[in-house]
Amino acid sequence: MREIEDFTLIGKTILRREDSYLLRGKAQFLDDLPEPRGLIHLAFVLSPHASAEILAIDTAAARALPGVIDVLTGEDLAADVPPYAPVIELAGYRGVARPVVARGRVRHVGEYVAVILAESPYAAQDALDLVGVEYEPLPAVATIADGLAPGAPVVHEALGDNVIFRTRFATEGFEARFAAGEVVLEEEFSLGRVTGVMIEPRGCMAWPDPIATGITLWTSTQIPHIVRTAIAEHLGMAEANLRVVTPAVGGGFGTKCHLYPDEILVVALARRYGRAVKWVQDRREDLLTNVHAREHVLRLRVAVGRDGVIAAADLDVRTNCGAYPNHPFSPTLEATAAVRMMPGPYRIRAYRYEAASVLTHTAPTGAYRGTGQPSAFLAIEGMMDRIGRRLGLDPAEVRRRNVVRPEDFPYVNVVGVRYDTGSYLPSLERGLEMIGYDAFRRAQPADRLVDGRYRGIGICNYTEVSGTGAPGWRVRGFARMPGFDSSRVVVEPDGRVAVYVSQADAGQGHFTTFAQIAADRLGVAWEDVTVIEGDTAKTPYGTGTFASRGSVVGGGSVIRGSAKVGEKIRRIAGYMLGCEPSRLALGGGRVFDRDDPGRGLTLREVAETAYSMNNLPLPQGEEHGLEATDYYDPPMVTMANGTHVVEVAVDPDDGRVEILRYAVVHDCGRVINPKIVAGQVHGATVQGIGEALMEEIVYDGGGQHLNASLLDYLIPTAMDAPDLALGHIETPSIDTVAGIKGAAEGGLTGAVPAIANAVGDALAGLGVSITRVPLRPSTIVGLIAAARAARAGAA
Amino acid sequence: MKPAAFAYHRPASLEEALSLLAVHGAEARVLSGGQSLVPLMNMRILSPAVLIDINRCRELAYIRREGGMIACGALARQGEAEASGLVAATLPLLASALPHVGVRASRNFGTLCGSLAHADPLAELPSVAAALEARFVIASARGRREVGAEAFFVSALTNCIEPDEMLAEVRFPVAAAGARTAFLEVANRGHGFAVAGVAATLEVDAAGRCAGVRLAAMGAGDTTVRLAAAEALIEDEGLSAAAIAAAGEAARAAVEPTADVHASAEYRAGLIGVLVGRALRAMAAAGPR
Ligand SMILES: Cc1cc2nc3c(=O)[nH]c(=O)nc-3n(C[C@H](O)[C@H](O)[C@H](O)COP(=O)(O)OP(=O)(O)OC[C@H]3O[C@@H](n4cnc5c(N)ncnc54)[C@H](O)[C@@H]3O)c2cc1C
């Protein structure tokens, strides 16, 4: 793509068009859609057991309830709706399928055991209590350690053990390189299990067309095209007969970029009954059954020179993948993410890793903002601090000595990922400067105690994988993850513009940014561009919105699509004006002669010719219409980067961590809309604060889920958000269209390690080592007590 | 998130409410602010057959001074109490605890009496009521009775109200001149339900010596717990640093908290000791109000 220099709207803050309806409560989410006549409401009987045999299901009483249409078990559905599985082409992965409704066995609390079909959601709920299920409880495993223990109950007997995926990698001569290091450090890091917690839980409604064979599926998803392909294939439908539409989606965060059993089931039941079928998830179901994330254990060993430079790194990652693989990602997602991303911004040239995904009797895990990266950076950034403490070096200096330097770009990291551009060192220096790092260190008392609280600073440099294209997904085995996204850019007969994008907005502001891009490229007013997405019948095919890809891939495609239409406008206008198309420029809703701007046409005048609304001919060989479609497959990945620096105070008596100051420097390449980028950084950072300090899904040893409500699973709100000082660096990519990189996940990825490191810095003098999040007050008090006891024991 | 079917009554007076309770009591629930009851019904943890909505009983919507007491009717909202000049002037402990009770939106609807009747061991107001030795006015068609906090709070989510009764009013004694108070809690998040907390009042004589201290803890067990041993220590030994440390230790030893997903029992007990120490130090250091 040739350099684009002449931006007019790209790079400017435009207030989000979405906000006028979102903030006034006018958006139409799934449960706000008008309901078709004869709608069937679903409710699911959930397994109360982590592992059990289903001996019998008595549905008679539920069926007898007025308003209940039917009650179906896994047996009743077996013929229509077989189990489903992701398509993974990766050595070391052994697939198993996931039933839509359980048959014979349940493998996690919350698994669907039967489905109620009723005339109202109330009747459906009433019927739930009347379904009698007889279970034979079986032994269960909930944790990675229990899943790996010899003789552990096996989640899927066909596999023989609980390791569903294992992968290994080593650079040549790794052992020798490791042995050459002067100092060896080793630490085990771990992260609690969390989940995305969208404001709007999931829901779906399948609506059969009464006169055709088609079905429209409305679903609160991030991946409408992938959902359509998978369901059509699974149910043996012609893909053209299934239309997937996303209404307003109240947050996704990765949780909604999986295909869920209920989405398949509503379509299957709509076909079976010839009626519309709807299901809306409640918060308990969200926390019990939507994909969870993290619950990783990372053992990192590094060999280091006395100068603090890492000679070699050895990483062992285990992830708890729950009871079933999900589509399209499977349990390989987080395992491969963590090991591939750990080298991050650092020049690690000798590397060995091993990763394993362990099945347990818990809800499946999958994608969540940051995927693998918060874990990877908790480990490597935690190690940077430990190297500093061991060698008596300032932790910032250790990072300076290891980071990929400006002169190293473009740089190919040790696992083969190309970093085309980046600002790792400038970003670190800027973050340190913003927080006044040197002054803080000079003033920091030896015992780190100020007014009864321990003060510390934590740093996290991160890289952020974004805009992953086909090669990036293939290398990780995701056969049903296209990589490209697309757009159809149409200049309508009235001269205004419609942009159809293959993506699906879940609050990111696509309707603003994509309009901004098309308006910029076509030289029309922003108000004259309408963006349409989240509808497989209207938009061309694409991958969807997740993994920081919307701007890079969707935006890149809109730029290219607009350029293609721009060429056609110039050709037709040139013919109409009798001049060379190359002399023509677009701007102000017109196409005009660069050297004689008074000479030109409005886009409407050009469109009238293109749509045969006047008596003017088209140039020879030109077709009617004024539109272009573009499919953009970006490079393997494009790497954004940034630095978080945070100062905390830790109260040793009550264990509270207070964030005193917080600086974020981020670099997402070319910025389209600064305010929207800032919003992404803020939101993700606050989610990271949640993961670092409060969030955790808790299972007991027997696989019982102990906190399936927002009373017990705490997420941060606006009231918990600290003031963030934001520093922007803009280093355009040289590999992507217009130099755009992603910006959606770095906030979370940076926050978790930075906060953990800040607490670790504050408490280092007490002998406390911070290796696990979340860091709740009780955890901190426990760690301090243990460290004191250990010192007393040693003395 | 869909409640089971229920019959709904919306009486316009206390008398009407009480006669409905006399008929439906055993299978009925009073609905006041709905901030706890409605979620519990939506989750079908509670499925009362009858709801008696008292929100139209305007005669219960008051916060007023009656001699040495502040009387709060069953429809006095938490948010109204928070904004009340009368409460700020006469019940500093209640005023400082209210911002910790849920969030502004829940306080706009939630009532003082509803929170007390709900008797959540992690709620702030029961400990405030215990520390202030509030009086609970319980009414039924049979008549009225008045009890103190020890009798009112029976166990977690259980009070002493009989099926045909309701809590009509709570009465707090006006703070003595020169009284000092402290409300402290720690949560895993900066708002919403806490892990544990302490409500404290201190009266000081003209010479600046302790003339009476009351300490109540939340998150300390099944109900709010008066920390009698710690109170006795301070009343006997005064507010020396050593006495305060000993009181904190006595508080820690006296409570029997439970563990849950938010914190261990050990942490809670230790925290209550820490908060007792902080509350006593803060009150000792504070001048008369
Ligand atoms: C987001 C959120 C956060 C919250 N955080 C906190 C918190 O941090 N701390 C805290 O303490 N609470 C918290 N709560 C709960 C809140 O304080 C409730 O308002 C309070 O517990 C109940 O008061 P209510 O008037 O809403 O009662 P309701 O919900 O109407 O009733 C609660 C119970 O009391 C009974 N009841 C109500 N009034 C009477 C009466 N007059 N006589 C007899 N029985 C009666 C009802 O039958 C029911 O069983 C929170 C609530 C929400 C929604």
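Here is a list: B:Ala230, B:Ala151, B:Ala194, B:Ala216. Which entry is within 16 Å of the ligand (Cβ to nearest atom) and assigned to a helix (DSSP H, G or I)? Outline the logic, then answer.
Working: B:Ala230 fails: within 16 Å of the ligand (Cβ to nearest atom); B:Ala194 fails: assigned to a helix (DSSP H, G or I); B:Ala216 fails: assigned to a helix (DSSP H, G or I).
Exactly one residue qualifies, and that residue is B:Ala151.
Going through the stretch B:253-268 one residue at a time, which ones are assigned to a loop (DSSP other than H, G, I, E, B), more than 8 Å from every other protein chain (Cβ to nearest Cβ) and not charged (D, E, K, R)?
The answer is B:Val255, B:Pro257, B:Thr258, B:Ala259.
If we only count strands (runs of 3 or more DSSP E) wholly inside the stretch B:6-122, which ones have 2 or more residues that are more than 8 Å from the ligand (Cβ to nearest atom) and within 30 Å of B:Thr201 (Cα to Cα)? Talk me through it step by step, then tell me what you get.
Numbers: elements: B:7-9, B:28-31, B:50-53, B:63-66, B:69-73.
Output list reads B:63-66, B:69-73.
State which residue is surrounded by the most Cβ atoms within 10 Å (Cβ to Cβ) when the search covers only the stretch A:672-701 and only residues that are touching a helix residue (DSSP H, G or I) at 6+ places or on another chain (Cβ under 8 Å) and under 16 Å from A:Ala142 (Cα atoms).
My answer is A:Ile697.
Name every residue in the stretch B:39-58 that is over 21 Å from B:Ser19 (Cα atoms) and under 24 Å from the mean Cα position of the chain (by Cα), in order of residue number.
Going through the stretch B:39-58, the residues over 21 Å from B:Ser19 (Cα atoms) turn out to be B:39-47.
B:Pro39, B:Leu40, B:Met41, B:Ile45, B:Leu46, listed by residue number.
Give the number of residues within the stretch B:224-248 that are closer than 19 Å to B:Gly148 by Cβ and surrounded by fewer than 15 Cβ atoms within 10 Å (Cβ to Cβ).
The qualifying residues number 2.
Right, A:Ala762: surrounded by fewer than 16 Cβ atoms within 10 Å (Cβ to Cβ) and either out of contact with any Leu (no Cβ under 8 Å at 6 or more places or on another chain) or outside the structural domain of A:Cys460 (by TED's automatic domain parsing) (or both) or not?
no
When you look at B:Ala129, is it more than 14 Å from chain A (Cβ to nearest Cβ), more than 8 Å from the ligand (Cβ to nearest atom) and out of contact with any Lys or Arg (no Cβ under 7 Å at 6 or more places or on another chain), yes or no?
Against the criterion (more than 14 Å from chain A (Cβ to nearest Cβ), more than 8 Å from the ligand (Cβ to nearest atom) and out of contact with any Lys or Arg (no Cβ under 7 Å at 6 or more places or on another chain)), B:Ala129 qualifies.
Taking the options B:Leu20, B:Leu75, B:Leu93, B:Leu46, name whichever one is closer than 16 Å to B:Leu132 by Cβ and not hydroxyl-bearing (Ser, Thr, Tyr). Please lay out each step first, then the result.
Numbers: B:Leu20 fails: closer than 16 Å to B:Leu132 by Cβ; B:Leu75 fails: closer than 16 Å to B:Leu132 by Cβ; B:Leu46 fails: closer than 16 Å to B:Leu132 by Cβ.
Selected residue: B:Leu93, the only one of B:Leu20, B:Leu75, B:Leu93, B:Leu46 that is closer than 16 Å to B:Leu132 by Cβ and not hydroxyl-bearing (Ser, Thr, Tyr).
Confirm whether B:Ala83 is closer than 20 Å to B:Ser106 by Cα, surrounded by fewer than 15 Cβ atoms within 10 Å (Cβ to Cβ) and under 24 Å from the mean Cα position of the chain (by Cα).
Working: closer than 20 Å to B:Ser106 by Cα: yes; surrounded by fewer than 15 Cβ atoms within 10 Å (Cβ to Cβ): yes; under 24 Å from the mean Cα position of the chain (by Cα): yes.
For B:Ala83, the condition - closer than 20 Å to B:Ser106 by Cα, surrounded by fewer than 15 Cβ atoms within 10 Å (Cβ to Cβ) and under 24 Å from the mean Cα position of the chain (by Cα) - is met.
Restricting the stretch A:702-717 to residues that are aliphatic (A, V, I, L, M) and away from the ligand (no atom under 14 Å from the Cβ), which is surrounded by the most Cβ atoms within 10 Å (Cβ to Cβ)? Talk me through it step by step, then tell me what you get.
Restricting attention to the stretch A:702-717, the residues satisfying the condition of being aliphatic (A, V, I, L, M) are A:706, A:708, A:710-711, A:714-715.
If we keep only those that are away from the ligand (no atom under 14 Å from the Cβ) too, we end up with A:706, A:708.
Working: A:Leu706: 13, A:Ala708: 23.
By that ranking, first place goes to A:Ala708.
Working only within the stretch A:435-468, note down all residues that are over 24 Å from A:Gly750 (Cβ atoms) and either part of a loop (DSSP other than H, G, I, E, B) or among the small types (Gly, Ala, Ser) (or both). It would help to see each step written out before you state the result.
Step one: filter the stretch A:435-468 for residues over 24 Å from A:Gly750 (Cβ atoms), giving A:442-443, A:445-447, A:449-452.
Across the stretch A:435-468, the qualifying residues are A:Ala443, A:Pro445, A:Ala446, A:Asp447, A:Asp451, A:Gly452.
Looking at the stretch B:237-252, which of its residues are assigned to a loop (DSSP other than H, G, I, E, B) and of a type outside the set (S, T, N, Q)? Working first, answer last.
Filtering the stretch B:237-252 down to residues assigned to a loop (DSSP other than H, G, I, E, B) leaves B:238-240.
The answer is B:Gly238, B:Leu239.
For the stretch B:136-149, check the following and say yes or no: at least one residue is crowded, with 16+ Cβ neighbours inside 10 Å, more than 14 Å from chain A (Cβ to nearest Cβ) and not aliphatic (A, V, I, L, M).
Taking every residue of the stretch B:136-149 in turn, at least one turns out to be crowded, with 16+ Cβ neighbours inside 10 Å, more than 14 Å from chain A (Cβ to nearest Cβ) and not aliphatic (A, V, I, L, M).
Any residue in the stretch A:472-495 that's on the phi > 0 side of the Ramachandran plot: show its pairings with residues that are among the polar types (S, T, N, Q) at Cβ separation under 8 Å, as long as the two are six or more apart or on different chains.
Partner pairs satisfying both residue conditions: A:Gly477/A:Ser330; A:Gly477/A:Thr332; A:Gly477/A:Thr336; A:Gly483/A:Thr468; A:Gly483/A:Thr543; A:Gly495/A:Thr602.
Restricting to the stretch A:292-303, and then to whatever is surrounded by fewer than 23 Cβ atoms within 10 Å (Cβ to Cβ) and of a type outside the set (Lys, Arg), can you tell me which residue is nearest to the other protein chains (Cβ to nearest Cβ)? Before you say what the answer is, go through the steps one by one.
First pass over the stretch A:292-303, keeping only residues surrounded by fewer than 23 Cβ atoms within 10 Å (Cβ to Cβ): A:297, A:299, A:301, A:303.
Within this subset, residues satisfying the condition of being of a type outside the set (Lys, Arg) are A:297, A:303.
On the way: A:Val297: 21, A:Ala303: 38 Å.
Of everything passing the filter in the stretch A:292-303, A:Val297 is nearest to the other protein chains (Cβ to nearest Cβ).
Exactly one of (1) within 11 Å of the ligand (Cβ to nearest atom); (2) hydrophobic (A, V, I, L, M, F, W, C); (3) away from chain A (no Cβ under 14 Å) is unmet by B:Ala187. Its number?
(3)
The values are calculated or read from the model by the stated rules, or taken from the named source; none is laboratory data. Here the structure is a predicted model, which means the values were calculated and not measured. Methodologically, a virtual Cβ is constructed for each residue, glycine included, from the backbone with ideal geometry; neighbour enumeration extends over all protein chains shown.
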